[in-house]
Amino acid sequence: MSQPARPGSYQSAGVDIERAERAKARIAARVAALANANVIGGIGHFGGFFRAPRNDKPLVLVSTADSVGTKVMLAGAIGAHYGIGVDLVNHCVNDLLATGARPLFFLDYYATPELDPEALAEVVDGLADACEAAGCALVGGETAQLPGIYREGTYDLAGFMVGSVAEDEIVDGSAIRSGDVLVGLPSSGLHTNGFSLARVALGLNVPPAELRRRLAQIPLWADRSLGQLLLEPHRSYLPVIEPLLGTGAIHGMAHITGGGLAGNLRRVIPNGLLAEIELGSWSVPRLFTSIAESGQIDQAEMYRVFNMGIGFVAIVAAGDVPRLAERDPAVAVIGRIVPSTAPERVRLARAGGAA
């Protein structure tokens, strides 16, 4: 337990260095267990060391940075922090995956006004388990105590991941051709985007005690609490996609995060082509329709903000769809690539008409 703060000390200003050191020591063993043959030394130096991977082909390093957004507010309200760590790693994994890269190492940034060692330990457990599942080393990070910037009882979490891909195996959409199909991989919920709107729509911007009560309620259409539904961790698509990397089967990929299907797919569709998404070709989970109904949110805004049940899209030749279905029987063909001279790259439409 920390000693009472002395006047004029850093602790009296709201930053408890001793507590931070104890928390870091507690998680050091968990992080060290993830070290692989490419990790040099342990954590604690001014940087993490990782041997550059070697291959018989020129390798390209790919980097990404993400946060979990305001999902951390709901996790904090009910004291469920493990999934937030999983969320962050899997978000980064999927972003790298969309380029054809495999993850190498990860670092995190945890910022809070006052350190809660138990919450931090839960987050790190989630980070570590997700890194282990992805074959990724957790080489370090930063824990910052920032009183005055963050609200009491909250924290922010960001992550940074580096992966690698052979230069001639980069997936950037340039291989996409007319006649290819869009294969949607189901999401596990909201993942890590749209929570600011979801909280407003579901009436969750309320005092802590009332927020906990509302999150504990089980919707009439569900078999678990609203809090459990909203905090379902972000899914990793690496197990489904990785066996096809480097085979040429995948012509383009998109991780469906902020901006929805159209906003993310348009980043990989080449000039002269259009991705036509057929609404109704997959079943939108009830959580999304509940948010729309409760918040009176129109369809266009829902598809612009949320993943709507599709967390990742792979663009492949029609004959390669079974290869994805073998890995995940729940995949669905949700559209196709057609020639187009229009400036738009993605169009959402119902069969026989516009959205």
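The values are calculated or read from the model by the stated rules, or taken from the named source; none is laboratory data. Since this is a predicted model, take the numbers as computed values, not measurements. Every residue, glycine among them, receives a Cβ derived from its backbone with ideal geometry; neighbour counts consider all protein chains shown. Side chains are part of the model used for accessible areas, which takes the heavy atoms of the whole protein and leaves out ligands, DNA and RNA. Shrake-Rupley method; radii C 1.70, N 1.55, O 1.52, S 1.80 Å.
Below are the figures for this structure:
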quantity	calculated
Filter pass, VAL200 being of a type in the set (A, V, I, L, M, F, W, C), free of Cβ contacts under 8 Å to residues at least 40 places away in the same chain and open to solvent by 10 Å² or more (accessible area, probe 1.4 Å)	no
Flag if ASP95 is assigned to a helix (DSSP H, G or I), open to solvent by 30 Å² or more (accessible area, probe 1.4 Å) and either out of contact with any strand residue (DSSP E or B) (no Cβ under 6 Å at 6 or more places or on another chain) or not charged (D, E, K, R) (or both)	no
Cβ pairs under 6 Å, 6+ apart, first in the range 122-136 and open to solvent by 50 Å² or more (accessible area, probe 1.4 Å), second among the hydroxyl-bearing types (Ser, Thr, Tyr)	GLU122/TYR82; ASP125/TYR82
Count of residues meeting criterion [among the hydrophobic types (A, V, I, L, M, F, W, C) and part of a loop (DSSP other than H, G, I, E, B)] in the range 228-243	1
Those strands (runs of 3 or more DSSP E) lying entirely in the range 244-325 with at least 1 residues open to solvent by 50 Å² or more (accessible area, probe 1.4 Å)	273-279
Only one of VAL165, VAL139, VAL183 that is outside any loop (DSSP other than H, G, I, E, B) and over 30 Å from ARG345 (Cα atoms)	VAL139
The range 54-72, residues that are open to solvent by less than 30 Å² (accessible area, probe 1.4 Å) and either without any contact (Cβ under 8 Å) to a residue 12 or more places away in the chain or assigned to a helix (DSSP H, G or I) (or both)	LYS71, VAL72
Pick from the range 145-159, criterion in contact with a Phe, Trp or Tyr (Cβ under 7 Å, 6 or more places away or on another chain) and not in a loop (DSSP other than H, G, I, E, B), ranking: most open to solvent (accessible area, probe 1.4 Å)	ASP156
Subset of the range 303-355 (residues that are free of Cβ contacts under 8 Å to residues at least 60 places away in the same chain, of a type outside the set (A, V, I, L, M, F, W, C) and more than 21 Å from ALA292 (Cα to Cα))	GLY319, PRO322, GLU326, PRO329, PRO343, GLY352, GLY353
Number of the exception - ALA75 against (1) part of a loop (DSSP other than H, G, I, E, B); (2) over 28 Å from GLY252 (Cα atoms); (3) not β-branched (Val, Ile, Thr)	(1)
Search result, residues across the range 186-227 that are among the acidic types (Asp, Glu) and assigned to a helix (DSSP H, G or I)	GLU210
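Residues are listed down the side, and each one gets a yes or a no for (1) out of contact with any Lys or Arg (no Cβ under 8 Å at 6 or more places or on another chain); (2) surrounded by 22 or more Cβ atoms within 10 Å (Cβ to Cβ); (3) touching a residue at least 40 places away in the same chain (Cβ under 8 Å):
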site: ALA175; (1), (2), (3): yes, no, yes
site: GLY184; (1), (2), (3): yes, yes, yes
site: THR192; (1), (2), (3): no, yes, yes
site: ASN205; (1), (2), (3): no, no, no
site: LEU211; (1), (2), (3): yes, no, yes
site: ALA222; (1), (2), (3): no, no, yes
